[in-house]
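Reading through the structure tokens given below for one structure.
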Amino acid sequence: MTVAVYHWLQTSRPTAIIATADILLVHDSAHAAELTEHVFRSACPRATIASVTSSEQALYYVFRAGHYSQRDRGSPRLILLDLEVPGIGGLQVLERLKQDSSSRLIPIVAMADRDDATVAARCYTLGANSLLHKSSDMDRYKLQLRHVAQYWLELNVVEAMRSAAKDRRPLHATTIVSNDVSWPRHRRTASESR
């Protein structure tokens with residue numbers, strides 16, 4: 001084999017495909033992302049996690065642009081979006097993701113540093129699926145993240161919503177209710193106790 005052909009074979013291989021993560025963490029700092037990733041990995045060890053620290057990187061990841069253009073098709077099962085993310089900001093990222101038909105059904109949990117009714121109203125108006133006020137107490141913050149991971153990755157049934165949207169079928173509430181009642185604990189009604 002000539003050197004030119006060998007060089008062509010080495011350089012013409014397709015770029016490696018980046019696998020789509022189950023969770024996309026969009027944080028304001030690498031330290032916060034590491035902490036959140038650690039908590040999510042301990043709560044859901046099989047989940048794959050991608051982490052970005054700017055609003056532009058988040059949009060590139062979801063829309064497969066820039067250095068994420070080779071990411072395989074598919075969407076994360078959950079986006080954890082810090083509203084203080086650098087760049088255009090978390091609210092603009094939320095708005096852009098919920099406006100686009102290809103990303104509108106991805107559950108987005110917005111995270112805010114402070115309890116602000118105006119920000120909360122804006123988040124829900126733009127389509128956030130949940131809003132988490134980050135606790136300043138580290139143990140409580142870790143517990144909040146564990147609950148988010150357990151609910152959105154174990155209990156919430158997203159695939160039914162996605163297939164209903166694709167088929168344009170009506171989605172009934174019973175379709176998205178999980179049968180797993182181990183978390184949070186299921187309360188028995190008086191008739192169930194008998």
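The values are calculated or read from the model by the stated rules, or taken from the named source; none is laboratory data. Small disclaimer: the values here were computed from a predicted structure and weren't measured. Cβ coordinates were reconstructed from backbone atoms using ideal geometry, including for glycine residues, and neighbour counts include every protein chain displayed. Ligands, DNA and RNA are stripped out before the accessible areas are found, and what is left, the full protein with its side chains, is counted by its heavy atoms. Shrake-Rupley method; radii C 1.70, N 1.55, O 1.52, S 1.80 Å.
Structural remarks
- Hits in the stretch 93-113 (condition: open to solvent by 20 Å² or more (accessible area, probe 1.4 Å) and either part of a helix (DSSP H, G or I) or not acidic (Asp, Glu) (or both)): Glu95, Arg96, Lys98, Gln99, Ser101, Ser102, Arg104, Leu105
- Qualifying positions in the stretch 42-63 - in a helix (DSSP H, G or I) and at pLDDT 85 or above: Ser55, Glu56, Gln57, Ala58, Leu59, Tyr60, Tyr61, Val62
- Members of the stretch 101-125 that are aliphatic (A, V, I, L, M) and within 16 Å of the chain's Cα centre (by Cα): Leu105, Ile106, Ile108, Val109, Ala110, Met111, Ala112
- The set of residues in the stretch 41-70 that are surrounded by 19 or more Cβ atoms within 10 Å (Cβ to Cβ) and out of contact with any Phe, Trp or Tyr (no Cβ under 7 Å at 6 or more places or on another chain) comprises Cys44, Ser51, Thr53, Ser55, Gln57, Ala58, Leu59, Val62.
- Residues of the stretch 114-136 that turn out to be open to solvent by less than 80 Å² (accessible area, probe 1.4 Å), farther than 17 Å from Leu59 by Cβ, in a loop (DSSP other than H, G, I, E, B) and of a type outside the set (Lys, Arg), as a count: 3
- Considering the stretch 31-40, the residues that are open to solvent by 60 Å² or more (accessible area, probe 1.4 Å) and not acidic (Asp, Glu) include one that is farthest from Ile79 (Cα to Cα), namely His31.
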